[in-house]
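One structure below.
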Amino acid sequence: MSTKVPPSTSDAIFSLYGSSVIDAPVDKVWEILLGFNGYNTWNPFVRDQKVTDRAGTPTGHELAEGQYMSMSVNLPPSLSDSVPFYQKSSAFVCCTYLDNENYRVAWCTASTPRWLLHAERWQMLTVDVDGRVKYESVEVFKGILAYLVRFFVGKNLRLAFDAMAQGLKAKAEST
């Protein structure tokens with residue numbers, strides 16, 4: 001499998017980036033990152049994420065390229081599930097890349113035409129010379145609606161990316 005890379009941010013309407021350095025084995029961090037059932041215990045941004053079919057019905061399958069996912073998110077990020085309705089949102093995406101050997105996963109929006117809104121998110125793990133894991137997440141937004149996304153929720157998305165990176169770090173280092 002060839003190693004793909006995230007899209008360029010230079011032609012995006014806006015982009016997001018979050019990272020953390022984690023003192024835990026890379027396989028453990030990868031397992032937590034892809035363990036969607038446990039997100040509600042540590043992830044203040046994505047509170048629920050399920051692999052689904054094209055219609056959005058949960059399948060119970062493990063993630064693979066070409067499969068869809070439904071996500072419930074809190075904006076601003078919060079570990080509480082008792083946030084007001086206007087602080088909850090959802091996304092429907094398709095997995096475009098999964099490389100378990102190189103610890104990379106990517107998905108893009110699947111519910112809107114690309115010219116209207118196209119968001120592509122990558123999450124990657126690398127190991128430094130000291131054995132620590134660097135988690136990186138980048139998402140690029142394109143299309144007409146990307147301007148509205150940036151205006152209305154851009155600040156909270158930036159907070160959410162940082163909160164998810166710190167949540168993953170805390171979870172991996174505590175278990």
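Observations
- Loop-located trypsin sites (Lys or Arg not before Pro) in the stretch 85-175, at most 15 other Cβ atoms within 10 Å (DSSP): Arg114, Arg132
- Taking every protein chain into account, the accessible area of the stretch 51-175 amounts to 53 square angstrom per residue (probe 1.4 Å).
- Cβ-Cβ FRET estimate between Ala170 and Phe92, R0 fixed at 25 Å, reported to 0.05: 0.35
- For the stretch 6-83: rounded, prolate or oblate by the Cα gyration tensor [a/c cutoff 1.5]: rounded
- Over all orientations, the stretch 46-149 has a Cα convex hull whose mean projected area works out to 8.3 square nanometres.
- As a ratio to 2.2 N^0.38 Å, the alpha-carbon radius of gyration computed for the stretch 14-54 takes the value 1.37.
- Helical runs (DSSP H, four residues minimum) scored at -39500 (n - 2.57) apiece and divided by the length of the chain put the mean residue ellipticity at 222 nm at -8000 deg cm²/dmol.
- What the Cβ-Cβ distance of Glu62 and Lys155 gives, at R0 = 30 Å and to the nearest 0.05, is a FRET efficiency of 0.35.
- Normalised alpha carbon radius of gyration of the stretch 131-175 [divisor 2.2 N^0.38 Å]: 1.49
- With 5 Å bins from 0: P(r) over the chain, alpha-carbon pairs, percent: 1, 8, 16, 22, 22, 18, 8, 3, 1
- If R0 is 25 Å, the Cβ-Cβ spacing of Asn102 and Thr9 corresponds to a FRET efficiency of close to 0.75.
- Rounded to the nearest 10 square angstrom, Phe45 shows an accessible area of 10 square angstrom against a 1.4 Å probe.
- For Ile32, net neighbour charge (Lys/Arg +1, Asp/Glu -1) across residues whose Cβ lies under 11 Å away: 0
- Of all lysines in the structure, those lying under 20 Å Cα to Cα from Lys155, and not within fewer than 8 positions of it along the same chain, are Lys88, Lys142.
- Whole-angstrom gap from the stretch 3-25 to the stretch 97-156, using each part's C-alpha centre: 7
The values are calculated or read from the model by the stated rules, or taken from the named source; none is laboratory data. This one's a predicted model, so the numbers in the text were calculated from it and none came from an experiment. Ideal geometry is used to build each Cβ from the backbone, glycine not excepted, and the neighbour counts take in all protein chains shown. Protein only, heavy atoms only, side chains kept; ligands, DNA and RNA dropped before computing areas. Shrake-Rupley method; radii C 1.70, N 1.55, O 1.52, S 1.80 Å.
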